[in-house]
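Report on the structure given below.
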Amino acid sequence: MEVTLARPEKRNAFTPTMVNEIAHAFQDANQDDSIKVVMLKAEGPVFCAGMDLKAFQNADLDIPNPHIENKDISLGEVFANLHKPSIAIVRGNVIAGAFLMIAGCTYVFCSENVQFRLPELNLGIFPFQVMASLMRVMSEKKMLQLCLHTDYFSARKAQEYGLVDGFLEEVDVEFFLTGFKDISSSAVVAGFKAARELPSVASEKRYSFLLKKLYELKSSEDVKKRIFEKG
């Protein structure tokens, strides 16, 4: 499934409606076994400039989508609730709340000239929601350093932080996608759900928790079918 940010005239700054549209797409992806991976792209020269502060402060500036249910949900939650592999294809700069997207994706491939920035402190605010997503890929110390640094930094630096996994000039994305063709969607969903739950499980109970998840998955019809087909 391809999901494209298509608000280039506003540098793809996300509104409450956009958050709900992404959530709707991800829900479909979770429920459709034929979807093996979700690819996130963006139109225009900027991948995403973060939250549209005006639209979040004044609902009249947003354009509701009548075809979906609109909930008060964080973009970080939306990505945390996606239980399929996701790939961000980043050809434009990543700013502010856009870090919720790239830190929420399983893989991030960007152009080498892309720049990254968390400018919130210059506006007298702090990138609160971004912190939770950043701590999935880096230590608390590195996360705080990044939040305090308001200047642009390079794609190579983003790779050092663990935000970027490769560069589009070096990665054959189409070939990379073929690796997902035959994977079991039910196994992936079970694995992603377990990974999301694991931090809330006491350390001494984690192996028993994961063993239970394994037994649950092994008893599924999909696994029984695959084992039978492989003889």
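The values are calculated or read from the model by the stated rules, or taken from the named source; none is laboratory data. Since the structure is predicted, the reported quantities are computational estimates derived from the model, not experimental observations. Neighbour counts are summed over all protein chains in view; Cβ atoms, including those assigned to glycine, are modelled from backbone coordinates with ideal geometry. Keep in mind that these areas ignore ligands, DNA and RNA; they rest on the heavy atoms of the full protein, side chains included. Shrake-Rupley method; radii C 1.70, N 1.55, O 1.52, S 1.80 Å.
Taking the Cα centre of segment 1-96 as the origin, how large is its charge dipole in debye, to the nearest 20, when only Lys and Arg (+1) and Asp and Glu (-1) carry charge on their Cβ atoms? Rounded to the nearest 20 debye, it is 400 debye.
With protein chains left intact and a 1.4 Å probe, residues in the chain average 57 Å² of accessible area per residue. Geometric descriptor of the chain, per residue, is 148 Å³ (volume of the convex hull of the Cα atoms).
For Asn58 and Arg206, the difference between the fully extended length at 0.36 nm per residue and the C-alpha to C-alpha distance is 48.9 nm.
Over the C-alpha atoms of segment 117-205, the Rg to Rh ratio, Rh being the Kirkwood estimate, stands at 1.07. The Cα trace of segment 53-136 gives Rg and Dmax of 14.4, 39 Å, the first to one decimal, the second as a whole number. Could you pull out which residues in segment 90-121 have an amide N less than 11 Å from a spot 7 Å beyond the Cα of His149, following the Cα-Cβ vector? 116-118, by backbone N distance to the label point. Counting only Cα atoms, the size of segment 1-82 along its three principal axes is 38, 29, 22 Å, in decreasing order. At R0 = 30 Å, how high is the FRET efficiency between Gln27 and Glu112 if r is their beta carbon distance? Nearest 0.05 is fine. Given R0 = 30 Å and the Cβ-Cβ separation, E is 0.30.
About its Cα centre, the dipole of segment 58-105 is roughly 340 debye, where the only charges are +1 on Lys and Arg Cβ and -1 on Asp and Glu Cβ.
Taking the three principal axes of the alpha carbon atoms in segment 161-205, the coordinate ranges are 43, 31, 12 Å, sorted in descending order.
Projecting the Cα positions of Asn81, Ser34, Gly44 onto the charge dipole of segment 21-101 (unit charges on Cβ atoms of Lys, Arg, Asp and Glu, taken about the Cα centre) puts Gly44 furthest along the positive direction.
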